[in-house]
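The values are calculated or read from the model by the stated rules, or taken from the named source; none is laboratory data. Keep in mind it's a predicted model, so treat the numbers as computed, not measured. Neighbour counts are summed over all protein chains in view; Cβ atoms, including those assigned to glycine, are modelled from backbone coordinates with ideal geometry. With ligands, DNA and RNA removed, areas are computed over all heavy atoms of the protein, side chains included. Shrake-Rupley method; radii C 1.70, N 1.55, O 1.52, S 1.80 Å.
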Amino acid sequence: MYRNMVTSRKFEETIAKIYFEGKLPVFSMADGPIPGEMHLSDGQEPVAVGVCAHLEASDIVTATHRPHHQAIAKGVDLDKMAAEIFGKATGLSGGRGGHMHLFDPKVNFACSGIIAQGMGPAVGAALSRKMQKKPGVAVAFVGEGAVNQGGWHEAMNLAATWKLPFICVIEDNAWGISVSKEASTAISNNADRAAAYGIPGKRIAGNDPYAIYEAAGEAIARARAGEGPSLLEIETYRLAGHFMGDAEGYRPKGEKDALFAKDPIPKMRAKMIADGVATGAELDAIEAQAAARVEQAIKFARESADPAPETALTSVFA
């Protein structure tokens, strides 16, 4: 779990530096080696690792427009993932999807830039497993703002009605773009909505990877046992803006400083050392390995070829 958290953070720190290449002094989102928007998941790593530690390659995960931590925790190929973000031919989708549409069928991972879009496909995947009498569970990661979408409720109702092996994980980072949760959502605890569908709901506070791991283990074991879906709402923190270049003027003064003081990676490192789980030297080695792995993936992406112009209409459907 720590290795995946550190790998995700190192990957995004590197992407953040590269993203602005060629985009300044006058910011142009289309320029540079990484065109388009970029949404970072710094601070939200515990959610991904705590849940995905219980999953196998055959289990299905759908994620959001902020997907890197979940993709890494699910085992998506990091070289191909980096190449996809760079828009290269060696990317997961030949450079056509970009960072908000990562897709790796080898580990059953997909994500989307549309709010709550992953709910339907994940519930459908869970239904397929049940109808075909195959093992496996489906997990949909969504943000707290997605819970106010109609598609979220439709999918939850079907999952509960059909008692599917499905878990919805709400990443509550308190902000839907620039709108606070309290300004957009009628209740403070979205896990309470589980009662409307007759399924278990639990909120995990503190962005704690250990508590997330425990709660996710219970929900996933329940789904594997044929007992139906669960709803987990996890308090987490978005250390970056909604997107790269976000001025974040909507945040209250001092909020970000308080969040950085609760950065989950140094907290987990300190706890492991204090508990005697690992030594500082061992964790230093993990961090160095993660940095080297990220450097390798970025090198692969930079050196990969751009898609050939004559393939521009390949895989495009009208």
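General remarks:
- Picking from residues in the range 190-231 that are of a type in the set (D, E, K, R) and over 18 Å from Leu127 (Cα atoms), the one that is nearest to the chain's Cα centre (by Cα) is Asp208.
- Taking first residues from the range 291-318 that are in contact (Cβ under 8 Å) with a residue 60 or more places away in the chain and partners that are open to solvent by 60 Å² or more (accessible area, probe 1.4 Å) and outside any helix (DSSP H, G or I), the Cβ contacts under 7 Å between residues at least 6 apart in sequence or on separate chains come to Ser315/Arg96.
- Matching option when the condition is open to solvent by 20 Å² or more (accessible area, probe 1.4 Å), over 17 Å from the mean Cα position of the chain (by Cα), within 20 Å of Thr185 (Cα to Cα) and in contact (Cβ under 8 Å) with a residue 12 or more places away in the chain, among Gly143, Gly151: Gly151
- Leading residue by the ranking (farthest from Glu171 (Cα to Cα)) among those in the range 44-83 that are touching a residue at least 60 places away in the same chain (Cβ under 8 Å) and among the charged types (D, E, K, R): Asp79
- Pairs with Cβ under 6 Å, 6+ apart, first in the range 242-269 and within 26 Å of Glu37 (Cα to Cα), second open to solvent by 60 Å² or more (accessible area, probe 1.4 Å): His242/Ile177; Phe243/Glu37
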